[in-house]
1. Using the Karplus equation 6.51 cos²θ - 1.76 cosθ + 1.60 (θ = phi - 60°), what ³J(HN,Hα) coupling, rounded to whole Hz, does each residue of segment 46-60 give in order, writing x for Gly and Pro?
2. Round to the nearest 10 and report in Å² the accessible area of residue 53, as given by a 1.4 Å probe over the protein chains' heavy atoms.
3. Could you order 20, 35 so the one with the most accessible surface comes first? Probe is 1.4 Å.
4. Using Stokes-Einstein with the Kirkwood hydrodynamic radius over Cα pairs, what translational diffusion coefficient do you get for segment 15-69 at 4 °C and a viscosity of 1.567 mPa s, in µm²/s rounded to a whole number?
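The values are calculated or read from the model by the stated rules, or taken from the named source; none is laboratory data. Remember, it's a predicted structure, so these values are computed and weren't measured experimentally. Just so you know, the surface numbers come from the protein's heavy atoms only, side chains and all, with ligands and any DNA or RNA stripped out. Shrake-Rupley method; radii C 1.70, N 1.55, O 1.52, S 1.80 Å.
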Amino acid sequence: MTPMVRENGIDPEPGIALTLAQQRAQSIENLRYDLFFTIPSSSSTPILGRATIRFVLGDASRPLILDFA
């Protein structure tokens, strides 16, 4: 997976900055998640999962940063 880079060429900082959260809140509407997990009976076996994210993007002129924190 290729990391996202801000417009100024600097990688996003760890965590979710308040300004980033505010920008996304202003440009994303009707956010929906579909989450699917396969949870094995053995705790030593990895849990597999898939996330589908659907939303309406109000401003596509700027990059949208998705984080998985």
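1. Along segment 46-60, the couplings run x, 8, 9, x, 9, 10, 10, 10, 10, 6, 9, 9, x, 10, 8 Hz.
2. 60
3. From most exposed to least exposed: 35, 20.
4. Answer, rounded: 95 µm²/s.
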